[in-house]
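Working notes, beginning with the structure itself.
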């Protein structure tokens, strides 16, 4: 024993000496040690009985194993120590060290983009293949500097800061692969973000020279400022053949729906200015226009708007009296008044985003950042990421010729919606506009969604801000269905050894017309269930399932034997429910198939003194839980309980042998957002939740334990999902002055 | 364990050499064994942390589960804990092995055993070593640690890089060219015909004002043959609320010529369309015209050509190809058969959400195989995935007149197999249904499988899906790729049960909301165009894709989600805490002891009541303000213009979401009102009221019956006293046709039945009845005031029965749903002290 200890210590010390990266390893070793200790203390003493010779041998063997393990571990988890530094360390080089490529004047130029390209015609899906993670692989070409024959670079900026950010974000992401043969999408490192800084022909030649160009198939180009004077094309002019284009400022005629991706024009201002999120609400100005280079016709119309509506409209322009310099981009003026830009955007509810020479405007990004609702007047503009983002919830898109009417149009939007839009605008910026990383990864995700449409992100995932995601529910059983009565329900009786009571329950339940099958979950491993002949004779099939362990969660296991949707969970001592009551419970469940429908109701309360939740089983006017000692529910919740219960709730329940019903109530309420339904009047249940407990003091501890459960579960769920209601369901004519024999469910509520 | 399997599978793929494979086999056996031992092992330690972690991870993997864990669950899911499992798992066997060895130990066997043990250890070591390399490789490829691989370099001089554009350049995006107005005008000259968009080919000025969306149908000329389907389309438009008979106030024009079938070989083909439409005085090169089409082109190419010049007219066309589709202008509609019902339509076949959701067959197809020509590539390949077990993919060559001429070797065998299965049986029993392209891109199969709740797997490259502008199809169908047919089985097999459940329910939702009748298809088309014309007062995508569907959401009412009764849960909000009482007053105010005065007293005591509106429908003018008792809440008297429907008009004065509609003589208690209101807050999309009624089918007369007798079921609650969402006022007055409202006004009856029809058709659920104190004396009270004794009048009753039938005819089906339950306060009539009860009054009689 002591030898093991010693070697254990030695190993631990040795492991500790390895330092940080091996810490994890030490945990495993320690873990296995402890396990072996524990095991040996229980089983036959392994080492002390051995002869010295063997002992030495054994220790030697053990050390070899241990050393091997450490070596392997170090090899695996600490690659820098073994592999050569050159291969593993991040290269630190200058952009100017990138290899130089000289383009020949006659080197080939790709064809112009084909407007009819779509994913199924121009995109090679075979290179993406089937993939268990449903994630495309993206390769980035190494950086090269391209010059023409005279040595002039093809671009005036070379690699821009933004494109570098974009590429490093992609390489940091899950999409990245450094193996070009496994790549589904290829991104050239040739920066084409701004067409103004490019030489179009030479850039095209550079593209064509890429080793895997293959007419641009599966290549993705990012461009934000397309076109050039005088007529500013709305898509990049560089001939690019079949390459996909993630472009800012697409018009509906250049955008190839389902192939290109419309991206925002990144505003570098957001890196400079930190605009804290402003609470949505009414603002000082109603409409603000802060663009400086508006066409005079637009400006005239805006002036007219200002005249009509006075203070509510603020019309800003460049400051004429300021010295031209870097700051001019950060100032706006109205007559002699000077405002800080973009801070002023936060002072207005709506901000006008008019088209300029290009359709895509960087101001859109500023406006969203300020949480100002953009009013977009740019006919035929494809809004950024419009394939997935629902712009109607964050902006107002108005045809250009309605510019004079915008005040009336915007006034008709309800206040609460404006606030909602302000919040949504800011969320769009946070999630999709705020950095080149956000823009790049969103683009890739959109393409990913097209290639694996069955794994695509949903509308809610794209559009719901975190606040809504947090509080909203999307029930898995959302379709309003009232299932037919005919298949009936399966009763699942959990039992341990109370045979007599069990048989009574079985006999009682078997009288319920809609019962389809009875399933007895035999939770006692030490005893076999009674012989077949001893069971009560009933008209429906009866199955006994023997469990491996005496666990409470066995009651919620989705047994294959349950063939109906409806499950009645019932304890082996609930003999007081009449057949009418059970049948009525089933009818109620049919009307609320996504809820728990049960008999005894319970309540959770907030204990102000203790500052925590309290469990209440008194006669209350409210219900937030029903006990699963007798409750109908959908079989789907069995799956959820068994496989999708958050945190360690399931283990907690099994360990404490309590609160499985509270856990079920939490689970269902959390996923459906709805309260359970308590049916029929209160009955004298023989303390159904505390079967084995007698006496007041024990009852007290029971209540304490249940309260603890609620607090524990609420902390695991991170919220209190339970909903409190004041109603219960009774038959339509219950207690009405009406002949009992004409009522469908006469025998209800009898004690 | 799924993770381990995946690991094993990926290792298998990685193993290039035989000896690796051998090692791998040993290793996997070991891992498999260890995974068993792990579970045993855990029983020693109750509440084992590892166990906890596993279930934890399992839960994080669920998309449907709302996770509120404070720590970044999502992130953990993204980076699977791969490095942990392979190393951790092999630990226990050594322990196990040693323990077992210890047990077997005898002095003689010791040496043999040590040799065995050391061999084991060496093997194990080697395994870990080699396995380790594999794991490391795997990690390399799976990119688990960011710095493991070569990234885009971090340039030493990256701070010196230039921005892609300077701020000046971005902000001063000056535009000196022609004026915006000129440019817009110029566009319509350039972007026309094949490049039409709303802004260039549609005359918005024809659709002025909010009610400006009017549709005119050209009268069909004499002698025109109009197909059954087109007749239905025209009927739907003529009966819709957008129809106008005056071409001058129309915003949209629909041809009277049947353009559905433009296949020249078809019997339905109408010749010289070109000539005829050019004679239309308002044709104007097709501006603001909408052309419906189901079939275009003909053998052999089935092009998108309609055989006449469409010009600037919009197309509502089935089987649209993305290349010809003018985005934001044309509308893709589903291909429907001539038997498609005009109204109502059959509900989807899904009756219950069975779990596990997989049906007998995983994937099925039964249809024609084209041996040559367009579309044959896909259909010819379909038999490859047939396995006769869970995937049934049957094709036949037997179609057309001369199939035997072209038949190939497979035909006879295929035809035999084809006969063995019944299409309807397959539809009912398959989880997924293949919807491959035929000659054209769309097929009837699409609607059939949607209705059958058989999740469509589309193999139709380039098909612009129906109503793709607004419907998110990826939540209801699997969009496959013709090129990847052989991947389809793997793909659908890999879908989780949760996803199948969600997809299947969504097929039903879409079927029911947009596709089940010609009416719905046509209306959806019109609504999409209307949303484009009034883009700033239109539905967002959520409204289109969430229950109850876009047709039942009127953007004129509001575009704000919280203003509708449908989105509370999905937006994480709850209905307001207050209600507005609307009292329908018919009798003149003479005494202070009139029922209406008592009612006002009752309402004023409710803490939830925020305002009271009296709809004055009496012959006498409303009394002076001083005649009304002083109220703690605002009281408004409005002129109801003596119309029965006025009680459901969308009065702007109603500011709360909940409306309590009351007859002036309703006898209620404050506690009853309060209780019903709390119930309504749990069911904001339904009517919550007191007196129930029911409908039934009379098999003898073949009509619907109506009864006010006490029954064990009900499907209507009278709106003489009922809570509902104010949005239903808007639906009532705008969604319902004027004819039904006129019927109600004319008879001064049935408005409550109509309201119940409307709400049930939206929710597909019954109304909710709540407890009321003394119902047994309620019916004889004169509801209609002036027409005293209307209730005892048998004519009144027959009228109501006629109403039920008239309404059912307009809806095209019977929307009312029966319920057997009533909601009572939790302690209602329980044997506890009355002092404990919150709603005491309700039990005193």
Open item on the list: For the stretch A:185-294, what does the convex hull of the Cα positions come to per residue, in cubic angstrom?
Closed with: 171
Task: At q = 0.05, 0.07, 0.11, 0.12 Å⁻¹, base-10 log of I(q)/I(0) for chain A (Debye sum, equal scatterers on each alpha carbon) - done: -0.44, -0.80, -1.14, -1.21
- [ ] Please work out whether the stretch B:439-539 counts as rounded, prolate or oblate from its C-alpha gyration tensor, where a ≥ b ≥ c are the square roots of the eigenvalues and a/c under 1.5 means rounded, while otherwise a/b larger than b/c means prolate and anything else oblate?
- [x] prolate
Task: Whole-angstrom Cα spans of the stretch A:615-669 along principal axes, big to small - done: 34, 25, 17
TODO: Could you estimate the translational diffusion coefficient of the stretch A:230-382 from the Stokes-Einstein equation, with Rh from the Kirkwood formula over C-alpha pairs, at 37 °C and 0.692 mPa s, in whole µm²/s?
DONE: 195
Open item on the list: Cα atoms only: what Rg and Dmax, in Å, come out for the stretch A:280-349?
Closed with: 12.3, 36
Task: Kirkwood hydrodynamic radius (C-alpha pairs) into Stokes-Einstein, the stretch A:415-461, 4 °C and 1.567 mPa s, D in µm²/s - done: 108
Task: Ellipticity estimate at 222 nm from DSSP helix runs (n ≥ 4, -39,500 (n - 2.57)) divided over chain A, nearest 500 - done: -9500 deg cm²/dmol
Task: Angle in degrees between helix A:696-717 and the longest Cα principal axis of chain A, rounded to the nearest 10 - done: 20
Task: P(r) histogram, all alpha-carbon pairs of the stretch A:420-528 included - 5 Å bins from 0, percent - done: 2, 8, 11, 11, 10, 8, 6, 7, 7, 8, 9, 7, 5, 1, 0
TODO: State the Kirkwood hydrodynamic radius of the stretch B:404-454 in Å, one decimal place, computed from all pairs of distinct Cα atoms.
DONE: 12.8
Task: Calculated P(r) of the stretch A:300-433 - Cα pairs past 26 Å, % - done: 22
Open item on the list: Relative to 2.2 N^0.38 Å, what does the C-alpha radius of gyration of the stretch B:687-778 come to as a ratio? Two decimals please.
Closed with: 1.12
Task: Distance in nm between pseudo-label sites at residue A:214 and residue A:321 (7 Å out along the Cβ direction from Cα) - done: 6.4
Open item on the list: Between residue A:147 and residue B:556, what's the calculated FRET efficiency when r is the beta-carbon distance and R0 is 51 Å? Round to 0.05.
Closed with: 0.25
Task: Inverse of mean 1/r across different Cα pairs in the stretch B:165-304, Kirkwood, Å - done: 18.0
Open item on the list: Counting only Cα atoms, I'd like the Rg/Rh figure for the stretch A:184-227, Kirkwood definition for Rh.
Closed with: 0.95
Task: the stretch B:658-741, Rg to Rh (Cα coordinates; Rh as Kirkwood inverse mean 1/r) - done: 1.03
Open item on the list: Can you give me the distance in nm between label points at residue B:841 and residue A:296, each placed 7 Å from the Cα along the Cα-to-Cβ direction?
Closed with: 7.3
TODO: Compute the long axis of helix A:52-77 from its Cα atoms, compare it with the longest principal axis of the Cα atoms of chain A, and write down the angle in degrees, 0 to 90, nearest 10.
DONE: 40
Open item on the list: Need the C-alpha centroid separation for the stretch A:505-555 versus the stretch A:164-178, integer Å.
Closed with: 58
Task: Kirkwood-Stokes translational diffusion coefficient of the stretch B:514-612, alpha-carbon pairs, 37 °C, 0.692 mPa s, µm²/s - done: 193
Task: Cα principal axis extents for the stretch B:342-427, largest first, Å - done: 47, 37, 22
Task: Unit Cα scatterers, Debye sum, the stretch A:542-631: log10 I(q)/I(0) for q = 0.11, 0.18 Å⁻¹ - done: -0.43, -0.99
TODO: State log₁₀ I(q)/I(0) for the stretch A:225-264 at q = 0.28 Å⁻¹ as given by the Debye formula over alpha-carbon point scatterers of equal weight, solvent excluded.
DONE: -1.03
Open item on the list: Give me Rg/Rg_expected for the stretch B:376-472, where Rg uses Cα atoms only and Rg_expected = 2.2 N^0.38 Å with N residues.
Closed with: 1.16
- [ ] Mind computing the radius of gyration and Dmax over the alpha-carbon atoms of the stretch B:227-358? Å is fine for both.
- [x] 17.3, 61
Task: Mean separation of Cα contacts under 8 Å (6+ apart) over length of the stretch B:588-739, as relative contact order % - done: 25
- [ ] Report, to two decimal places, the Cα Rg of the stretch A:570-686 normalised by 2.2 N^0.38 Å (N = number of residues).
- [x] 1.07
Open item on the list: If you fit an axis through the alpha-carbon atoms of helix A:2-18 and take the longest principal axis of the Cα set of chain A, what angle between them do you get, 0 to 90°, nearest 10?
Closed with: 20
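Bear in mind these aren't lab numbers, they're just calculated from the coordinates by the rules spelled out. Being a predicted model, the structure only gives us computed values, none of them experimental. Counting neighbours? That spans all protein chains shown, and the Cβs are built from the backbone with ideal geometry, glycine included.
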